[in-house]
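The values are calculated or read from the model by the stated rules, or taken from the named source; none is laboratory data. Computed from a predicted structure; not experimentally measured. A quick note on method: Cβ atoms are made from the backbone with ideal geometry, for glycine too, and the neighbour counts reach across all protein chains shown.
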Amino acid sequence: MSTEISARALHYVFKIGNRAKNLFFFRNVLGMKVLRHEEFKEGCDAQCNGPYDNRWSKTMIGYGPESSHFVIELTYNYGVKKYDLGNDFGGLTIKSGEILSRAKQLNYPISKSENGEEFLTSPDGYKVFVQSEVQSANADPVVQVSLNITNLKKSKQYWNETLKMGLIKEDSKSVIMSYGKGQASLRIDEVSSPLERAKAYGRIAFAVPKAIQPKIDETIKAMGGTILTPLITLDTPGKATVTVIILADPDGHEICFVDEEGFSELSAMEEDGDAQLEKYIKKDPYQD
């Protein structure tokens with residue numbers, strides 16, 4: 001690839017065991033809104049729902065359309081009520097002057113890290129760090145995703161030099177990078193303990209022009225990197241078709257590059273997203 005890459009941060013995937021509890025947390029506590037909801041009868045060819053060949057659903061939730069905001073993908077596999085949580089995901093960071101007050105009003109637990117950072121924990125154990133700052137009207141409240149890694153030098157080389165993510169800040173234990181101003185940044189933190197991705201491992205997604213995808217494929221193959229899913233076309237019933245390539249970084253973190261052209265159409269907001277999700281929650285035979 002060239003010294004620069006035109007890419008846009010899209011979303012991070014959380015596997016969840018209870019859609020009703022997560023809807024309450026993300027919508028009522030964090031203040032996000034359901035952007036769209038999709039149901040699938042069988043597993044995804046690119047393992048978007050993990051290594052499960054069963055009925056599943058995808059709910060995109062965030063503070064605004066994915067064309068301008070970093071959002072969360074809530075992946076639910078019917079019949080799977082809980083996933084073992086590893087130590088691979090560091091946390092999501094949101095700037096908001098309202099989240100903590102809402103959490104207190106709703107008696108939702110607020111914790112503090114060793115560094116004094118306040119955070120909430122989702123029903124499935126994912127940490128959401130809250131910076132009590134009011135964002136400007138057009139700015140995305142979601143500002144950072146943190147992943148834990150085992151070798152900072154190797155991971156920085158992969159993300160910064162191979163995938164061409166721009167460097168923002170670094171120290172002896174962490175690196176912060178981004179694909180552009182105003183986008184959610186990626187922070188990687190070196191940990192001394194072995195990295196365990198367990199069953200709840202997620203996936204981070206970026207959009208790139210379709211013409212860039214073969215170049216990513218060539219670059220990763222040339223360096224002997226890991227391609228989990230070679231270039232593949234994915235269909236969503238009644239919606240746009242997209243092309244994706246799924247990679248894994250040196251620690252196994254999954255990375256999806258989807259074509260911007262198809263994804264721009266696929267990711268359009270749906271006015272009835274909330275109603276669709278609530279309808280399927282009520283019909284779910286596995287829901288508590």
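Residues are listed down the side, and each one gets a yes or a no for (1) closer than 19 Å to E66 by Cα; (2) more than 17 Å from the chain's Cα centre (by Cα); (3) surrounded by fewer than 21 Cβ atoms within 10 Å (Cβ to Cβ); (4) among the hydrophobic types (A, V, I, L, M, F, W, C):
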| site | (1), (2), (3), (4) |
| --- | --- |
| F14 | yes, no, no, yes |
| R27 | yes, no, yes, no |
| R36 | yes, no, no, no |
| F40 | no, yes, yes, yes |
| N49 | no, no, no, no |
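Counting only residues that are of a type outside the set (A, V, I, L, M, F, W, C) and without any contact (Cβ under 8 Å) to a residue 24 or more places away in the chain, give me the strands (runs of 3 or more DSSP E) lying completely in the range 124-240 with at least 3 of them.
Answer list for the range 124-240: 166-170, 226-235.
Restricted to the range 197-215, and to residues that are among the hydrophobic types (A, V, I, L, M, F, W, C) and under 16 Å from K127 (Cβ atoms), which residue is surrounded by the fewest Cβ atoms within 10 Å (Cβ to Cβ)?
This residue is A198.
Got at least one residue in the range 163-173 being surrounded by fewer than 19 Cβ atoms within 10 Å (Cβ to Cβ), β-branched (V, I, T) and at pLDDT 95 or above?
Yes - at least one qualifying residue is present in the range 163-173.
For the range 1-10, check the following and say yes or no: at least one residue is assigned to a loop (DSSP other than H, G, I, E, B), closer than 19 Å to A275 by Cα and over 15 Å from the mean Cα position of the chain (by Cα).
no
May I ask you to verify whether S193 is loosely packed, with under 14 Cβ neighbours inside 10 Å and under 15 Å from F89 (Cα atoms)?
Yes, satisfied.
From L92, L74, L106, L120, grab the single residue that is out of contact with any helix residue (DSSP H, G or I) (no Cβ under 8 Å at 6 or more places or on another chain), aliphatic (A, V, I, L, M) and at pLDDT 95 or above.
L92
Looking at the range 76-85, can you tell me whether even one residue there is part of a strand (DSSP E or B) and within 21 Å of G252 (Cβ to Cβ)?
yes
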